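J.: For reference, the structure I am asking about is given below.
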Amino acid sequence: MMNRIPLYEVKNKLGHCCISNTDKYVHWAKELQPEDNDRYFTQSVATEEEADKLIENNWRFVCVNPNTQRMHFRKAK
């Protein structure tokens with residue numbers, strides 16, 4: 001979806017003053033592509049302690065949601 005919309009158009013739509021802010025959102029959106037749902041379990045957590053438990057159980061860090069600050073992880077099915 002994001003591949004077809006010019007980045008500056010997304011920037012204006014979101015009301016960002018800096019294109020670098022918009023780029024963070026685009027990166028996050030690309031990391032959570034829908035086609036990954038067939039290959040991975042996903043999990044999001046709010047604390048470092050929760051993240052540590054996931055990492056200990058072989059979950060892979062994906063990104064931090066810029067809106068909620070929750071950390072997103074995935075693990076192969």
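J.: Just for region 62-77: of the residues that are hydrophobic (A, V, I, L, M, F, W, C) and surrounded by 13 or more Cβ atoms within 10 Å (Cβ to Cβ), which one is nearest to Q43 (Cα to Cα)? Break it down into steps so the answer makes sense when it comes.
T.: In the first step, residues of region 62-77 are kept if they are hydrophobic (A, V, I, L, M, F, W, C); the result is 62-64, 71, 73, 76.
Filter once more, so that each one left must be surrounded by 13 or more Cβ atoms within 10 Å (Cβ to Cβ): 62-64, 71, 73.
Details: V62: 10, C63: 11, V64: 12, M71: 8, F73: 5 Å.
My answer is F73.
J.: Within the set of pairs 6 or more residues apart or between chains, which connect a residue that is assigned by TED's automatic domain parsing to the domain that holds M71 and assigned to a strand (DSSP E or B) inside region 33-60 to a residue that is at pLDDT 85 or above and aliphatic (A, V, I, L, M) with Cβ atoms less than 7 Å apart?
T.: Close Cβ pairs satisfying both conditions: Y40/A76; Q43/L54; S44/M71; V45/A51; V45/L54; V45/M71.
J.: Among the listed residues N21, N3, which satisfies the condition of being at pLDDT below 75, of a type outside the set (F, W, Y), over 19 Å from T68 (Cβ atoms) and not in a strand (DSSP E or B)? Please lay out each step first, then the result.
T.: Working: N21 fails: over 19 Å from T68 (Cβ atoms).
Only one candidate qualifies: N3.
The values are calculated or read from the model by the stated rules, or taken from the named source; none is laboratory data. All values derive from a computational prediction rather than experimental measurement. Here the Cβ is made from the backbone with ideal geometry for all residues, glycine too, and neighbour counts use every protein chain on show.
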